[in-house]
Structures are given as C-alpha cells and as structure tokens.
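To start, the structure under review is shown below, and the notes come after it.
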Amino acid sequence: MKNIVYRLTLIISLSVAPLALSAKSTEQAYLEQYRGNTSIPVPVKIVTPDVDREFAGQTVHVEFHLDASGIPTAITTTEAVPAKLAGELTAAVAKWRFQPLAAKDAAKGAHVILPVVIVDSQS
C-alpha cells in the first residue's frame, strides 16, 4: 500500500494591525483556498499560533497524523526549534479540524506535513 504524505502551507503574519480591518480574516482566507479540494485533507477549522516576532523569517514543518474523523494526532516539528516555538505550533495544530477522510482513506488515516512560514509584515 502506497504511503501518501499531504502538504498544506500556513503563513503566519506577525502584523500588529487588527484583523477587523480586512474583509476576511487570515483564517477565513486560508480555509477558502482549500474548500472543494478532494485531493488533500481539507481544513475546516484552524487556529493561528501566537508566535513571537523573534521567530520571523523561519519556516517550520509541523508533521502529524490525521485520524478518520479529521483530528490531528502525534503532532511534532520536523526541525529542531526552540521549545517555546514548537509548543506554540503544535498546540495550535492540535486544535485544527479537517473534513472527515473519505472511506478509502479512513482506515489508515493520513500523514500531513504542514510548512509554517513565519512572516513579520512590519519589516
């Protein structure tokens, strides 16, 4: 059986401007870009981690298993990063929810690698 790894990308903006100024929140825009896609696990709820500005410019890969009901488990970072950053990222991803997996994938779940790009929009 072929092991498939899915990749999604999250860009975290460290802007101090309130989200209320934009028509859509960053989270809404992120969810909409995956809506209707059937080739990857589709996020239906995301939580943006609260990351310190000192981590701007980094990309951290968060790896997790997605169970049949769409809940991330076994969440880790693939790079050695400070514990504070790893903790913020994994805690946020633990709160994400995905559409339940299709019946053909439900038994084995899905393996997901999420590159998290940390951007300081004030730079």
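Please find the FRET efficiency linking HIS61 to ALA83, where r is the Cβ-Cβ separation and R0 is fixed at 22 Å, and quote it to the nearest 0.05.
Working: r = 16 Å, r/R0 = 0.74.
Given R0 = 22 Å and the Cβ-Cβ separation, E is 0.85.
Pulled fully out, how much extra length does the chain show between ASP50 and ARG35, if you take 0.36 nm times their separation in residues and subtract their Cα-Cα distance? Intermediate values should be presented prior to the final figure.
Working: separation 15, 0.36 × 15 = 5.40 nm, distance 2.45 nm.
Computed gain between ASP50 and ARG35 is 2.9 nm.
Each value in this text was obtained by applying a stated rule to the coordinates, not by laboratory testing. Predicted model, so just to flag it, every value in this text is computed and none were measured. Cβ atoms come from the backbone with ideal geometry, glycine included; neighbour counts cover every protein chain shown.
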